[in-house]
Amino acid sequence: MEASKPHNTLPKQDFLKVKGRELELDRHGYLANYEDWSENVALAFAEQEDLALNDKHWEVIRFVREFYETYDTSPAIRALVKAMKEQFGPEVGNSRYLHRLFPDGPAKIATKLAGLPKPAKCL
Amino acid sequence: MSAYLLIISTHAPYHSSFAMDAYEAALGATNVGLEVRFLFQGNGVFQLLSAQTPAGIQHKNMAKKLKALPLFDIEDIYVCSKSVALRFEAISGQNHAQNYTNEFFEKISISDELEAQIVNEQELNILMANASHILRF
């Protein structure tokens, strides 16, 4: 899936600058330390991704952070959809809804904005 | 009965990668559309204890990870009652451990959010006999 997309053109960086602080990133460009997260981190990543965040985005971002705290796992898409369906019902817990919010991949982008590690790839 | 892959997890978490390997094999198998059932046997039952604090050794919490199994469509989860009973006996020093299986679960408060069926030896045999494949970790 990812191979068909153009490579990220952003310069590779090891730190994310947020309010004068430099936060360490991992090799995927995700936040290295989950505890470093704040809403400003999400906003900084969103800017990188060219994404204007609304309440629906924040709902997902907060949800994946809770998911991570509960399961010690960064949610891949299938688990994310199923978990959101259980909590919010089928209107929100479906992949079309989530793809509209995060066109470059809901699990991939939402976890990044939420300061989690990149979800492990499916086989 | 539909064909299913039975994954048997027999190691305690953290001291080796067996527990994580079993877990990841299970998720991987569901990703390619296989029906997976998951059995905890031997020291594998220790993975279910909820009081795990592996942050100090920089590991993810296995009990927390296991709670996500149903989100990957793994809902048939089994625990070998004999394995639990033997370990309860060892910990508590009590004999006739079969009777204490339930007590073990309550006392050591196994992750209550993961629904697992406790199976006896006979049920275990049926579970294994009906599996199309078995992977033991």
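The values are calculated or read from the model by the stated rules, or taken from the named source; none is laboratory data. Bear in mind the structure is a predicted one, so any value in this text is a computation, not a measurement. Here Cβ is always computed from backbone atoms with ideal geometry, including for glycine, and neighbour counts include all displayed protein chains. Side chains are part of the model used for accessible areas, which takes the heavy atoms of the whole protein and leaves out ligands, DNA and RNA. Shrake-Rupley method; radii C 1.70, N 1.55, O 1.52, S 1.80 Å.
A few remarks follow.
- When the residues of segment A:112-123 are filtered to those that are at pLDDT 90 or above and within 14 Å of another protein chain (Cβ to nearest Cβ), the one that is farthest from residue B:33 (Cα to Cα) is A:116.
- Hey, residue A:68 farther than 24 Å from residue B:24 by Cβ and either out of contact with any helix residue (DSSP H, G or I) (no Cβ under 9 Å at 6 or more places or on another chain) or in a helix (DSSP H, G or I) (or both) or not: no
- Some residue of segment B:71-89 being of a type in the set (Asp, Glu), open to solvent by 20 Å² or more (accessible area, probe 1.4 Å) and more than 20 Å from residue A:70 (Cα to Cα): yes
- Note on segment B:1-25: among residues that are away from chain A (no Cβ under 14 Å) and among the small types (Gly, Ala, Ser), the one that is nearest to residue B:117 (Cα to Cα) is B:9.
- Looking only at residues in segment A:92-106 that are without any contact (Cβ under 8 Å) to a residue 40 or more places away in the chain and touching a helix residue (DSSP H, G or I) at 6+ places or on another chain (Cβ under 7 Å), the one that is most open to solvent (accessible area, probe 1.4 Å) is A:99.
- You will find that of B:64, B:60, the residue that is open to solvent by 20 Å² or more (accessible area, probe 1.4 Å), within 23 Å of residue A:68 (Cα to Cα) and part of a loop (DSSP other than H, G, I, E, B) is B:60 and no other.
- Annotation: residue A:80 fulfils all but one of (1) open to solvent by 20 Å² or more (accessible area, probe 1.4 Å); (2) within 22 Å of residue A:41 (Cβ to Cβ); (3) among the hydrophobic types (A, V, I, L, M, F, W, C); the unmet one is (1).
- Among residues of segment A:43-72, those that are out of contact with any Pro (no Cβ under 8 Å at 6 or more places or on another chain) and within 9 Å of another protein chain (Cβ to nearest Cβ), counted: 4
- Hits in segment B:30-57 (condition: open to solvent by 10 Å² or more (accessible area, probe 1.4 Å) and farther than 25 Å from residue B:86 by Cβ): B:30, B:31, B:32, B:33, B:34, B:35, B:55, B:56, B:57
- Leading residue by the ranking (nearest to residue A:15 (Cα to Cα)) among those in segment A:36-57 that are open to solvent by less than 50 Å² (accessible area, probe 1.4 Å) and of a type in the set (Asp, Glu): A:36
- Segment B:26-49, subset within 14 Å of another protein chain (Cβ to nearest Cβ) and touching a strand residue (DSSP E or B) at 6+ places or on another chain (Cβ under 6 Å), residue nearest to residue B:136 (Cα to Cα): B:26
- Residue match in segment A:26-35 (condition: part of a strand (DSSP E or B), at pLDDT below 90 and surrounded by 14 or more Cβ atoms within 10 Å (Cβ to Cβ)): no
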